[in-house]
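One structure is given here, and the rest of the page talks about it.
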There are 2 protein chains.
Amino acid sequence: MLYKESHILILNNVSRFINLTELEKQKYISLLTEINIKRKAFLMQAGDITSYEYFITKGCLKVYTLDDDGAPHISMFAVEDYWTGDMASFMTKEPTRYFIKATEDTELLGISRANYELLFQEIPKFERFYRMLYQKSLISYIRRSNHGISLTAEERYIEFKTKYPNIVNRITQKDLAGYIGITPEFMSKIITKVNRR
Amino acid sequence: MLYKESHILILNNVSRFINLTELEKQKYISLLTEINIKRKAFLMQAGDITSYEYFITKGCLKVYTLDDDGAPHISMFAVEDYWTGDMASFMTKEPTRYFIKATEDTELLGISRANYELLFQEIPKFERFYRMLYQKSLISYIRRSNHGISLTAEERYIEFKTKYPNIVNRITQKDLAGYIGITPEFMSKIITKVNRR
DNA sequence: GAAAAAAAATGAACTAGTTTAAGACTTTTA
DNA sequence: TAAAAGTCTTAAACTAGTTCATTTTTTTTC
């Protein structure tokens with residue numbers, strides 16, 4: 001069977017942890033929903049109860065919250081081959097505190113809550129897939145939050161640039177400030193300073 | 001069959017997510033190792049390759065790294081009914097960057113890397129248990145690191161005190177400073193200020 | 001392709017948290 | 001139980017990053 005590009009991408013992602021038979025692949029794909037959103041459109045907004053987890057096949061999204069003063073705090077940028085969503089709201093059916101907004105026209109594959117549960121019944125191997133996916137996410141999350149703590153804003157900027165050279169060029173300086181955890185003004189000063197070298 | 005207190009605690013913990021038969025319970029327990037360490041002893045030190053994941057049945061531990069200046073950054077305090085360890089080192093067999101030190105005499109149940117793999121073969125339900133455990137950890141980790149970002153040190157202190165009243169009294173002010181992310185001197189000022197109210 | 005909107009740069013005044021240093025208090029150890 | 005080691009407090013000088021206000025540059029929209 002011939003698969004679409006987006007399906008090949010997600011099947012490759014899954015195959016990092018588990019092997020699927022041809023039948024299982026087709027079953028899995030049948031549980032996914034294709035979603036396309038335009039630049040500046042929201043995939044979710046604070047207050048929504050989200051019913052999907054998403055895999056990005058093309059484009060770029062920013063995931064952020066607004067603090068009490070209305071200032072945005074960006075928790076991640078998600079591009080092709082990334083998983084995103086709000087797992088807390090997805091699991092508990094409580095309203096999310098997150099906004100997820102496309103910074104480019106974006107194509108996604110979504111799995112609904114109902115199909116997520118179904119998936120474990122139909123292909124129990126996916127318990128293992130998600131166990132390993134979450135384990136890996138947890139490791140990199142812990143590493144990131146622990147590593148960042150002792151660095152200055154300038155060091156965090158240089159680190160981001162080095163680690164994600166492909167993302168830096170796709171986002172605004174202002175959004176990067178929101179991710180690094182500083183004001184856009186200070187971000188501007190840092191960039192001027194670093195580039196002068 | 002009659003179980004030890006420590007075994008009852010871990011079985012209750014597991015039963016939040018999966019149900020085990022009597023036989024499975026006994027099998028599970030047979031894969032665990034009992035470990036006791038004295039106050040001030042290390043469960044692991046930076047450079048070690050850790051071969052266990054741990055469940056605490058009694059006592060208190062602090063998990064921390066040292067930054068380039070040798071200042072400690074505490075990433076968690078772990079007490080009874082908590083899981084701890086360094087998953088990154090456990091999974092990849094790379095040396096850990098963490099120190100885990102007992103702040104009280106502590107009793108743990110450990111599962112070795114070999115038995116962890118065996119567990120999934122013998123009782124596949126544990127894929128589901130760990131999938132759900134990691135999912136839950138990920139949710140609270142994300143929540144914590146995102147929530148903390150916009151608060152002042154004073155607000156983070158009040159939040160910690162409210163959320164973990166049982167832990168505050170078991171740790172030093174200095175260690176709390178290492179967790180909140182400030183100097184012990186500033187921690188002292190905050191506490192004086194908050195108590196004056 | 002002109003007008004409007006948003007992003008970036010710059011600078012001056014400000015603040016949350018650090019650093020250093022020294023003395024008081026508490027806990028641990030021999 | 002005395003000495004040593006570690007913890008806590010206080011205070012003054014300092015710095016990384018914020019806030020606010022203005023101008024320039026870039027991007028978006030019609």
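The values are calculated or read from the model by the stated rules, or taken from the named source; none is laboratory data. This structure is a prediction, so every number in the text was calculated from the model and none was measured. Neighbour counts run over all protein chains shown; Cβ positions are idealised from the backbone, glycine included. The protein model used for the area step is the full one, side chains on, heavy atoms only, and it has no ligands, DNA or RNA in it. Shrake-Rupley method; radii C 1.70, N 1.55, O 1.52, S 1.80 Å.
Pairs linking a residue in region A:60-88 that is more than 11 Å from chain B (Cβ to nearest Cβ) and open to solvent by less than 20 Å² (accessible area, probe 1.4 Å) to a residue that is outside any strand (DSSP E or B) and of a type in the set (Asp, Glu), with Cβ atoms under 6 Å and 6 or more positions apart or on different chains, are A:CYS60/A:GLU104. For region A:91-197, the helices (runs of 4 or more DSSP H) that sit wholly inside it and include 3 or more residues that are within 16 Å of DNA strand C (Cβ to nearest atom) are A:153-163, A:173-180, A:184-196.
Please pick out the residue among A:ILE171, A:ILE123, A:ILE111 that is within 16 Å of DNA strand D (Cβ to nearest atom), open to solvent by less than 60 Å² (accessible area, probe 1.4 Å) and either under 16 Å from the mean Cα position of the chain (by Cα) or within 14 Å of another protein chain (Cβ to nearest Cβ) (or both).
After applying the criteria, what remains is A:ILE171.
On the basis of being among the basic types (Lys, Arg), open to solvent by 30 Å² or more (accessible area, probe 1.4 Å) and part of a helix (DSSP H, G or I), does B:LYS25 make the cut? It is true that B:LYS25 is among the basic types (Lys, Arg), open to solvent by 30 Å² or more (accessible area, probe 1.4 Å) and part of a helix (DSSP H, G or I). Regarding A:LYS136, is this residue over 16 Å from the mean Cα position of the chain (by Cα), within 14 Å of chain B (Cβ to nearest Cβ) and more than 16 Å from DNA strand D (Cβ to nearest atom)? It is false that A:LYS136 is over 16 Å from the mean Cα position of the chain (by Cα), within 14 Å of chain B (Cβ to nearest Cβ) and more than 16 Å from DNA strand D (Cβ to nearest atom).
Taking region A:177-197, which residues are free of Cβ contacts under 8 Å to residues at least 40 places away in the same chain and in contact with a strand residue (DSSP E or B) (Cβ under 8 Å, 6 or more places away or on another chain)? Quick ask: steps written out before the conclusion?
Step one: filter region A:177-197 for residues free of Cβ contacts under 8 Å to residues at least 40 places away in the same chain, giving A:177, A:180, A:182-193, A:195-197.
Within region A:177-197, none qualify.
If you check A:GLU185, A:GLU159 for being open to solvent by 80 Å² or more (accessible area, probe 1.4 Å) and at pLDDT 90 or above, only one passes: A:GLU185. When restricted to residues that are within 29 Å of B:PRO124 (Cβ to Cβ) and touching a residue at least 24 places away in the same chain (Cβ under 8 Å), region B:26-42 contains 9. Across region B:38-59, what is the total count of residues that are within 14 Å of chain A (Cβ to nearest Cβ) and either over 24 Å from B:ARG113 (Cα atoms) or touching a helix residue (DSSP H, G or I) at 6+ places or on another chain (Cβ under 6 Å) (or both)? Counting residues in region B:38-59 that are within 14 Å of chain A (Cβ to nearest Cβ) and either over 24 Å from B:ARG113 (Cα atoms) or touching a helix residue (DSSP H, G or I) at 6+ places or on another chain (Cβ under 6 Å) (or both) gives 2. Would region B:93-104 turn up any residue that is facing chain A (nearest Cβ under 10 Å) and open to solvent by 40 Å² or more (accessible area, probe 1.4 Å)? Yes, some residue in region B:93-104 is facing chain A (nearest Cβ under 10 Å) and open to solvent by 40 Å² or more (accessible area, probe 1.4 Å).
Taken over region B:1-46, the residue count meeting the criterion of being over 20 Å from B:ALA78 (Cα atoms) and modelled with pLDDT under 95 is 4. Here's a check for you: in region B:174-197, which residue that is within 8 Å of DNA strand D (Cβ to nearest atom) and of a type in the set (Gly, Ala, Ser) is nearest to the other protein chains (Cβ to nearest Cβ)? The qualifying residue nearest to the other protein chains (Cβ to nearest Cβ) is B:ALA177.
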